[in-house]
Structure formats: C-alpha cells, structure tokens
Amino acid sequence: MTKLKVALIGAGGIATDVHIPAYRKVPEQVEIVAIADVAYEKAKAVASEHGIQAAFDDYHTMLRETDIDAVSVCVPNKFHKEAAITALEAGCHVLCEKPPAMNQEEAKEMEEAQVKSGKLLMYGFHYRFQSETQAAKRFIDAGELGDIYSGRVQAIRRRGIPGWGVFTNKELQGGGPLIDIGVHMLDTALYLMGYPEPVVVLGQTHQQLGTKKGVGLLGEWDYQNYTVEDMAVGMITFQNGASLVLESAFAANVEKRDTMQVSLMGNKGGADIFPLKMYQEKHDTLIDITPAYLPEINAHQTEIHAFVADCIEGNITDRYAKQGTNIQKIIDGLYQSAETGKAVYL
C-alpha cells in the first residue's frame, strides 16, 4: 500500500478541526478521498475547502462507490455503531470517535464485526497519547508504582456545558459528562492500570444545574431541552481487587474552571497524571518525582498518526475493540446503578 485512502463519515467540528488536519500532516502516507454527511451542502463545503475529491449525503453510497482503505467515524454517538460496522463490512479500517457507542450491546456488536472483518477498529481516546500518560506508562511498566490498587478519576467543569452540538441530548449521546468527558479520564486510568476486568459498579447522577439558565463558559446551552445529567459520580471494583472512584461534571460549584485528572496509588508509589507527578518512599525518605521535561505533542494528531501507521503496517489487533466493550460495560453499569439505586454486578 503506497497511500492510505481515507474517508470521513461526518463533516462536523471533530472532522474539520481534528481528523482532516491530522491526516493532512502526513500527505506521503494518507490521501483523503471522500467525505459523507446527511447535511450534503456541509459535506460539499468541507470537501471544497480541504481539496477532498468527493462528497456524499449517504456513507453507504460512499463506501460502495469509492475505493477506501480506512474511515474516520465523526458522527454523534447514536450513529457510531452502524457507521463503524458498515465500514468494517466494506473492508475498511475504522477510527471511531469516543465513546465507542450508546451502550455495551452496541460496543459488543462492533467488537464482533471487527473480529469478523480482520480490520482495525480503534477508538478516539486521545488522552492515552499525551506525553504525561506515556511517561507514566513507562514508569508503571517498569514497576515503579508496584501493584496499583486504587485510583481516582476527575473530569469536572465549573460551568462547561457545551453550547453547541448534541452534547445535552440524551437520545443522541446516551448521557452527559460521564459518557462525554468522564470516559476520557476513565479510559486513561484503565489504560494505565492494564484494563482490569470490572466486577461491581455503584453510581449516582445529578441534574441540578443544567436545566436552569446560568453563566456558560462554553457558550449558552439550551437549558429548556437539557436531557442529560450534569454530574455523575461512582465507584468501580475490579476482579484483581483494585478500585476506582469517578467524578464527572459539565457544571459544578467548584473553584477551577476545568479539571481533567487521573490519580493512581500503588504499593510502591503513586501518581497524578495531569501534570505528571509521582510519589514514593525511598531510602527512608518520602520523595516526589516531577519530570524536568516532557515533549509537547498534539495528542489528537499523535493518535490519528498511530492509527495510520497501524493500518499501513498491518498491525491489526482486537485490543481496542475489546477495551471499548469493557469501558462501555462500566458506563452502562454506572447509569443503571444511578437509575435503580443499587450496585450493579457485572
């Protein structure tokens, strides 16, 4: 394969601001050949602006009529499953934006389609590719933290309800901050912990601020049609005995405008990931370890370039698909626990 022929499903902001620029950074490896969106005029405008050969109003037609090697799925969560499976069945590698899908059942179908297709299915969890995450992973793999037995995940905004898109529409998104921003930190923690098997989850959701008019730090939101939670909290226990506490909010009465953090505790050391700082006891002394230098990278770009490299080199794995089902199982369990008021055994 000389160049990876890539197409995009969805012509919204994540496609134009992230995927297209990242693919354009490696023109010797990638050619963007088509884009599809139900809003055909939008697809045509994006194609014209970025020099993409063809625009379609239906991705099924695009997949039938265009020679494509790989697809970026950049549509609302409700449409992830069908788009990803259709592309896999058409013989394409797939990079699907996070979260994997609306629920565990859909993610499992996507996993099964990946295995059957023999193609790569990867999800857009770009925080894995941050310099801090990768440095922490090297220390963890070297045993510096020992056995990680507890962790905390935070994805909390003071007043960060999105004033655009469909982020506050439960029918199209499946949920609010938990499935949108919380899932990023949850994936980062699970990635660093080795993706242990979840056993029990206990969760609670709150809708206290989103349905009221207020100050919006990410634009004005439609509070009258706000159908998702504005905060979710939970606890997860794993088969290996580890536990994880989670807090995620679009809007909360807190000091900081935005907190995205993963904290891990092991029997040889602990770490906060963003920014990276590690804590140990050595030679009868409590020490903190802070990197003097970490490379500044564009994590979205690094993620997409990793996807391109795997496709070109034939590094096909079912790891991403299985992890997607796993994280979706946890999210489902947290929402179910919040609805029933009971712990959910997975």
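Taking the Cβ of Glu109 as the center, what net charge do the other residues with Cβ under 12 Å away carry, scoring Lys and Arg +1 and Asp and Glu -1?
Working: positive: Lys81, Lys108, Lys116; negative: Glu82, Glu89, Glu105, Glu106, Glu111, Glu112.
Every neighbour counted, the sum reads -3.
Put a dot 7 Å past each Cα toward the Cβ at Asp147 and Asn267; how far apart are the dots in nm?
0.4
I'd like the FRET efficiency for Glu89 and Gln336, computed as 1/(1 + (r/R0)^6) with the beta carbon distance as r and R0 of 41 Å, rounded to 0.05. Can you show the working numbers first?
Numbers: r = 30 Å, r/R0 = 0.74.
After rounding to 0.05, the efficiency reads 0.85.
Need the full-extension length gain, Gln207 to Lys282, defined as separation in residues times 0.36 nm minus the C-alpha distance. One decimal, nm.
Separation in residues times 0.36 nm, less the Cα-Cα distance, equals 22.5 nm.
Using +1 at the Cβ of each Lys and Arg and -1 at the Cβ of each Asp and Glu in segment 210-280, identify which of Phe238, Trp221, Ala251 lies farthest towards the dipole's positive end.
Phe238
Select from Glu111, Glu296, Glu229 the residue whose mean-square fluctuation is largest in a Gaussian network model of the chain (Cα-Cα springs shorter than 10 Å).
Glu296
Report the accessible area of Met260, computed with a 1.4 Å probe over the heavy atoms of all protein chains in place, in Å² rounded to the nearest 10.
The accessible area comes out at roughly 40 Å².
Efficiency by 1/(1 + (r/R0)^6): what FRET value for Lys170 and Ala343, r their Cβ-Cβ distance, R0 = 25 Å, to the nearest 0.05? Kindly include the intermediate steps, with their values, before the conclusion.
Details: r = 23 Å, r/R0 = 0.92.
Approximately 0.60, to the nearest 0.05.
Modelling each spin label as a point 7 Å along the Cα-to-Cβ direction, I'd like the Glu31/Val215 distance in nm, to one decimal.
Between Glu31 and Val215, the label points sit 5.3 nm apart.
Rounded to the nearest 0.05, what FRET efficiency do Asn240 and Glu296 give with R0 = 41 Å and r taken as the Cβ-Cβ distance? Could you check?
On the way: r = 34 Å, r/R0 = 0.84.
E between Asn240 and Glu296, to the nearest 0.05, is 0.75.
Report the full-extension gain for the segment Glu41 to Glu313: residue separation times 0.36 nm, less the Cα-Cα distance, to one decimal in nm. If you can, show how the numbers build up before the last one.
Working: separation 272, 0.36 × 272 = 97.92 nm, distance 3.54 nm.
In short, 94.4 nm is gained.
Hey, got the dipole for the chain? About the Cα centre, +1 on K and R Cβ, -1 on D and E Cβ, debye to the nearest 20? It would help to have the intermediate numbers written out before the result.
Numbers: 32 positive and 45 negative charges, 107 e Å.
Using Cβ point charges on Lys, Arg, Asp and Glu, the chain gives about 520 debye.
Suppose only helical runs count, i.e. DSSP H with n ≥ 4. What mean residue ellipticity at 222 nm does that imply for the chain under -39500 (n - 2.57) per run, divided by all residues and rounded to the nearest 500 deg cm²/dmol?
Values: 10 runs with 110 residues, N = 346.
The helix contribution divided over the chain gives -9500 deg cm²/dmol.
Excluding same-chain residues fewer than 8 positions from Lys5, which aspartates and glutamates have a Cα within less than 12 Å of its Cα?
By straight Cα distance, Lys5 reaches Glu28, Glu31, Asp67, Asp69.
Match the structure shown to one of the listed values (1) 145; (2) 231; (3) 159 of volume of the Cα convex hull per residue in Å³, computed from it, and give that label.
It is the one labelled (1).
Using unit Cβ charges (K, R positive; D, E negative) and no other charged atoms, how large, in debye to the nearest 20, is the dipole of segment 38-149 about its Cα centre?
140
Using 0.36 nm per residue of separation minus the Cα-Cα distance, give me the extension gain between Val200 and Arg64 in nm, one decimal. Walk me through the numbers before you get to the answer.
Numbers: separation 136, 0.36 × 136 = 48.96 nm, distance 4.34 nm.
Stretched out fully, the Val200 to Arg64 stretch lengthens by 44.6 nm.
Quick one: of Lys170/Lys342; Lys108/Lys342; Lys44/Lys81; Lys212/Lys256; Lys119/Lys277, which pairs are farther than 28 Å apart, Cα to Cα?
Lys119/Lys277
The values are calculated or read from the model by the stated rules, or taken from the named source; none is laboratory data. Predicted model, so just to flag it, every value in this text is computed and none were measured. We place every Cβ from the backbone using ideal geometry, glycine too, and count neighbours over all the protein chains shown. The accessibility values were calculated without ligands, DNA or RNA, using every heavy atom of the protein model including side chains. Shrake-Rupley method; radii C 1.70, N 1.55, O 1.52, S 1.80 Å.
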